[in-house]
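Just below is one structure, and these are the notes that go with it.
Each reported figure results from applying straightforward, stated rules to the coordinates on display, with no laboratory input. Only a predicted model underlies this, so the values are computations on that prediction, with no experimental measurement involved. Note: ideal-geometry Cβ built from the backbone for every residue, glycine included; neighbour counts use all protein chains shown.
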Amino acid sequence: MIKSVIKRALGNGYRNPCIELASNFVVGRNIEGDYFEFGVFRGDSFAFAHKQLESARHSMREYHRRNNVPIPETLGAKMRYFAFDSFQGLPPISGADANEKLPSHWQQGQFSASRNLFLSTLRKNDVDLDSVVIVDGWYESTLNDATRQQFSIGKGCIFNIDCDLYESTTRVLEFIRDAYVDGSIIIFDDWFGFRGNPKYGEQRAFAEWREKYGIAASEYSRSDGQRVSFILHAD
């Protein structure tokens, strides 16, 4: 088995250790499914994930060929990369997110980046646009059965959640509840957003989701003082 994947930063130097490790993990362990990112901003993390996963998949296919080992279906099938974003920045701050622990720069419209800028970042980094599915709109309008059917959404191997807020994260988690498999990895980009308090933000949403559905998870990695990833278990 491949021990590591060549680490590739984007042209602007962007790197995300959680994505690097997750890519290694899901490819090395034949975890089925596509890549999902919720909150793509300018596209740096999305393009980085594409580079990491495609590099890892290529390396693993070559390993199988050199050792005369049949290539599993997970490596033979083309992976799709789903981008969910309104491209209008953060939504109005409401509900559980409207409290004194909210970072002062997390305001409505913050982190806005156009769809064209997102696509420009992907093109600059040679992302295969034929593998990209953009779901444009607010989560309350897009995270539903109609979207699943429209894009034939199935299983996911990595779910990268970068929507910052509790209200948004709860919608995402409900949407992916039936999409993960044993060994899928979920990444939270702003795990410590509300002063690190587990009663708020992504931490609260994840804890409630796991308790509601009895979902088991093992912490996998941390990086940059803000990101945390978990391996999800199906049994």
Subject >> Contact order relative to length of the chain, as percent, for alpha carbon pairs under 8 angstrom and 6 or more apart >> reply: 22 percent
Subject >> Hz values of 3J(HN,Hα) by residue in the stretch 32-39 - Karplus curve (6.51, -1.76, 1.60), Gly and Pro given as x >> reply: 7, x, 9, 9, 10, 10, 10, x
Subject >> Distance (nanometres) between label positions extended 7 Å along Cα→Cβ at Lys155 and Asp178 >> reply: 1.6 nm
Original post:
Hey, fewest Cβ within 10 Å first, where do Arg204, Arg222 land in order?
Top reply: Arg222, Arg204
Original post:
What percentages, rounded to whole numbers, describe P(r) for the chain computed over all alpha carbon pairs with 5 Å bin width beginning at zero?
Top reply: 1, 6, 14, 19, 21, 18, 12, 6, 2, 1, 0, 0
Original post:
Taking a 29 Å limit on the Cα-Cα distance, which of the listed pairs Lys101/Lys212; Lys101/Lys124; Lys51/Lys199 fall beyond it?
Top reply: Lys101/Lys124; Lys51/Lys199
**OP:** Please work out the C-alpha center-to-center distance from the stretch 164-200 to the stretch 19-52 and express it in whole Å.
**Re:** 16 Å
**OP:** Kindly state, as a whole number, the per residue volume in cubic angstrom of the convex hull around the alpha carbon atoms of the stretch 148-235.
**Re:** 92 Å³
Subject >> Helical contribution to [θ] at 222 nm, DSSP H n ≥ 4, -39,500 (n - 2.57), averaged over the chain, rounded to 500 >> reply: -10500 deg cm²/dmol
Original post:
If you wrap a convex hull around the C-alpha atoms of the stretch 35-167 and split its volume per residue, what is the figure in Å³?
Top reply: 122 Å³
